[in-house]
1. Looking only at residues in the range 228-263 that are modelled with pLDDT under 95, within 25 Å of residue 52 (Cα to Cα) and charged (D, E, K, R), which one is surrounded by the fewest Cβ atoms within 10 Å (Cβ to Cβ)?
2. When you go through (1) at pLDDT 90 or above; (2) more than 26 Å from residue 84 (Cβ to Cβ) one by one for residue 172, which number turns out not to apply?
3. Tell me whether the range 418-437 contains one or more residues that are surrounded by 11 or more Cβ atoms within 10 Å (Cβ to Cβ), outside any strand (DSSP E or B), in the same structural domain as residue 373 (by TED's automatic domain parsing) and in contact with a helix residue (DSSP H, G or I) (Cβ under 8 Å, 6 or more places away or on another chain).
4. Within the range 376-389, is there a residue that is farther than 14 Å from residue 289 by Cα and buried (at least 20 other Cβ atoms within 10 Å of the Cβ)?
5. What number goes with the only condition from (1) outside any strand (DSSP E or B); (2) in contact (Cβ under 8 Å) with a residue 40 or more places away in the chain that residue 318 does not pass?
6. Among the residues of the range 366-382 satisfying the criterion of being small (Gly, Ala, Ser) and part of a strand (DSSP E or B), which is farthest from residue 296 (Cα to Cα)?
7. Among the residues of the range 175-197, how many are modelled with pLDDT under 90 and polar (S, T, N, Q)?
8. Return the total of residues in the range 115-135 being among the hydrophobic types (A, V, I, L, M, F, W, C) and more than 19 Å from residue 240 (Cα to Cα).
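The values are calculated or read from the model by the stated rules, or taken from the named source; none is laboratory data. Model, not experiment: these values are computed from the prediction. Note that each Cβ is placed from the backbone with ideal geometry, even for glycine, and that neighbours are counted across all protein chains shown.
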Amino acid sequence: MKQPQTQYAFVDDLAIAYQVIGDGPIDVVYSQGWLTHIEYAWQSPEYARFLTKLSRFCRLIFYDKRGTGLSERNVGFPTLEQRAEDITAVLDAIGSEEAVLLGVSEGANMCALFAATYPERTRAVVLSGTSAKGCWAPDYPWAPTGQDTEDAISYLRENWGSAFELDQAAPSMARNAGAREWWGAYMRNSASPKTAEVITRLNAELDIRELLPLIDAPTLVVNREGDRWHPQEEARFIADLIPNAVLKFVPGTDHLVWYGDHDRLIDEIEEFVTGQKTIVASDRVLLTILMTDIVGSTELAADLGDHRWRAILDEHDSIVRRQLKNFGGTEVNTTGDGFITAFTGPTRAIQCARAITSELASIQLRVKAGIHIGECERRGDDLGGLAVHIASRILDTTAADQIRVSSTVKDMVVGSDLELAYVEARPLKGVPGEWSLYEVCA
């Protein structure tokens, strides 16, 4: 989806930046936590996919809270009430009389206040990965202590502009060079270190426990099972405070909702809001999955610096895509420093992997590749199924400059001029049985 145009609503002479995504029959206001930048969000492939998929059943309104992103920056110390007024201003600007409020992390606090204050404008409420109180108390043991907050602010000051706490916010992306680079830039573009400190202190003072029982609208509390910042017990506590709230848990460890399996999260939201899930065109097909990864990408990024590393990544992507075109492959997804691709046959997948490895070596990039053939499930533009998982696990076993394949691939290329050498038989994490692996000879 093309990035939508940024528009502005005004409240107390302050400009609030927002975007409208999609044209569905239901309005959904998405309030992301902490810091935002609604235009730079689209620079992340994962965030762009999340917003696009979320808008498939609604008219999605994505906005920057006052003090952050493209909204008015110099706003002092805004109260929770003032931040909730940002939602009112945006809804008024687009002529929306009633909306679903989707609040993530601290954004859920604003949505809860809006829902309790304006029940006539609240169709439903969805709260994800959030807290009811910002500071530890004997009766609220999940929040950080005052010292924890001071330590976090000190760390923030010293490390602003880096991939700030991504290992905790999104463990699945902690080693992804592209995600780390984007996350650091997203923080820098969203706010200054001082603004981040101010908002962190304000959030530590929040306590909406007495507010939650006043929410009359249908409410869904949905959490990732392994969220490191907001555990399941906290989600249960919050759901118990809201009359007739529905509590759901979805797989994953990422607090940042646009990472991980966001399809499951969006499915739960859509079903709660509309009463049904979108039936995504799905069919099963035999495909060869080729996955690639740059070896030592984190160290390279640190050595080269952001600018040079970005240029190297761009050249890497260009080379991979050119070779995909040469060998008839399809790009399924990127992983920041690698590709997930599909072919209708294993021979061309291996030939493509060799061409990619060879050409990238000419620019001093060492990559590895894993290949498996099996039944895949098409899910819109994405691919799922055990074959994709197996290819990923094979890639994990592979060293720099190597192309490893499963025995299934080896059996399928018998009679070709490709030479494969047996490497080992071993279990693959999360896959039943023992798998024989082969290396493609140069």
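1. Taking the candidates together, the pick is 261.
2. (1)
3. Within the range 418-437, one or more residues are surrounded by 11 or more Cβ atoms within 10 Å (Cβ to Cβ), outside any strand (DSSP E or B), in the same structural domain as residue 373 (by TED's automatic domain parsing) and in contact with a helix residue (DSSP H, G or I) (Cβ under 8 Å, 6 or more places away or on another chain).
4. Step one: filter the range 376-389 for residues farther than 14 Å from residue 289 by Cα, giving 379-381.
Within this subset, residues satisfying the condition of being buried (at least 20 other Cβ atoms within 10 Å of the Cβ) are none.
No: zero hits.
5. (2)
6. Taking the range 366-382 first, the residues small (Gly, Ala, Ser) are 369-370, 374, 380.
Narrowing the set further to residues that are part of a strand (DSSP E or B) leaves 369-370, 374.
Details: 369: 14, 370: 16, 374: 29 Å.
Only one residue fits best here, namely 374.
7. Number satisfying all stated conditions: 1.
8. Result for the range 115-135: 1.
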